[in-house]
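Below is one structure, written out as structure tokens; the observations come after it.
The values are calculated or read from the model by the stated rules, or taken from the named source; none is laboratory data. Remember, it's a predicted structure, so these values are computed and weren't measured experimentally. Neighbour counts run over all protein chains shown; Cβ positions are idealised from the backbone, glycine included.
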Amino acid sequence: MIRPRLLGASLVLASALSFGSLPAMALADQPAPSAVQPPATTGNVVLNTADRSLNLQGVVNARDAGGYKTTDGHTVRTGLVYRTGDLSKATDADLADLSGRDVKAVHDLRTSYEQQFMGVDKVPAGATEYHNDIIGQAPPQVMASTLMAGTDLYRAFITAPGASQGFADVLRDIAYNDGAVLFHCSAGKDRTGWTSAVLLTILGVDHDTVQYDYLLSNYYRGAKDGDMLNGVTASALAAAFDQVDQSYGSFDNYVHEGLKLTDADVSKLKAKLLS
């Protein structure tokens, strides 16, 4: 079982430069989804946007991570993995909803700076909280270049010290936890988006559908394509996959050499999440 991480990552200025604008946007009321149309669906999308949303009051971009078909004909089960924005403004009703969904683990991918600036998570009853700081150990020059959450940030998801360990901790917990697992960053779109992209790709979901799931952040946050403060863009996700190939030669090598997931870990993920 994964041990909770300490919340004591250093509060460096580079972290403030990197994420200073993003938390403020995440604290805003959740944009009306009707303001932006969802991305074009693929034939492997099982769950519609209304049913996918958790409809939480104080948590942005909160949705089920399942509901997709894989290339070999399986379906990613729903009700086992959730992706959201931060939980610092979760209402009592939100927490009761998450408890009712059997959320047993909450993985916070934010830096300690973000936790102090935005507030620590409110965790549903019965859940254990983990801190998996993805980007806090990145070099200052990388941190300073990521204000707009563009391609440099996404490449750092692969190259930054500690990033792979943080993502791997989430994936292992999903595999072995006997309940549902929730993971989030600030706005639930970048670090959270890459976590979901990696998970779905491991499970055998095709790239176009993985990209659809990623771009749904624009719909749930009411952000237009290219608005990197509020939303996401396909080029950023492509940069992460490109960096995977540059650093490891293939996605499979990234999973085994970068994330250090074993064949048993991957098999456990598939056994739990695929029907």
Please find, within segment 73-106, the residue that is farthest from Thr49 (Cα to Cα) out of those that are buried (at least 21 other Cβ atoms within 10 Å of the Cβ) and hydroxyl-bearing (Ser, Thr, Tyr). Ser88
Return the only residue of Asn61, Asn48 being under 17 Å from the mean Cα position of the chain (by Cα) and at pLDDT 95 or above. Asn61
Go through (1) within 16 Å of Arg110 (Cβ to Cβ); (2) among the hydrophobic types (A, V, I, L, M, F, W, C); (3) surrounded by fewer than 23 Cβ atoms within 10 Å (Cβ to Cβ); (4) modelled with pLDDT of 95 or more for Phe167 and report which single condition fails. (3)
Please find, within segment 42-89, the residue that is nearest to Thr192 (Cα to Cα) out of those that are of a type in the set (Val, Ile, Thr) and not in a loop (DSSP other than H, G, I, E, B). Thr84
Give the residue that is surrounded by the most Cβ atoms within 10 Å (Cβ to Cβ), with candidates limited to residues of segment 171-202 that are closer than 19 Å to Gln243 by Cβ and in contact with a Ser or Thr (Cβ under 7 Å, 6 or more places away or on another chain). Lys189
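Scan segment 221-229 and tell me whether some residue there is in a helix (DSSP H, G or I), within 20 Å of Thr159 (Cβ to Cβ) and more than 12 Å from the chain's Cα centre (by Cα).
Taking every residue of segment 221-229 in turn, none turns out to be in a helix (DSSP H, G or I), within 20 Å of Thr159 (Cβ to Cβ) and more than 12 Å from the chain's Cα centre (by Cα).
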For Ser186, work out the one condition from (1) hydroxyl-bearing (Ser, Thr, Tyr); (2) in a helix (DSSP H, G or I); (3) in contact (Cβ under 8 Å) with a residue 60 or more places away in the chain it doesn't fulfil. (2)
Say whether the condition of being out of contact with any Gly (no Cβ under 9 Å at 6 or more places or on another chain), surrounded by fewer than 19 Cβ atoms within 10 Å (Cβ to Cβ) and at pLDDT 95 or above is met by at least one residue in segment 11-28. no
Quick check, is Gly231 closer than 22 Å to Leu54 by Cα and either surrounded by fewer than 23 Cβ atoms within 10 Å (Cβ to Cβ) or among the small types (Gly, Ala, Ser) (or both)? yes
So which pairs qualify, if the first residue must be in segment 251-275 and within 19 Å of His74 (Cβ to Cβ), the second must be surrounded by fewer than 13 Cβ atoms within 10 Å (Cβ to Cβ), the Cβ gap must be under 7 Å, and the two must be at least 6 apart or on different chains? none
Unmet requirement for Gln37, which otherwise passes all of (1) crowded, with 19+ Cβ neighbours inside 10 Å; (2) at pLDDT below 95; (3) more than 19 Å from the chain's Cα centre (by Cα): (1)
For segment 95-112, which positions are part of a helix (DSSP H, G or I) and either at pLDDT 95 or above or closer than 14 Å to Phe183 by Cα (or both)? Leu95, Ala96, Asp97, Leu98, Ser99, Gly100
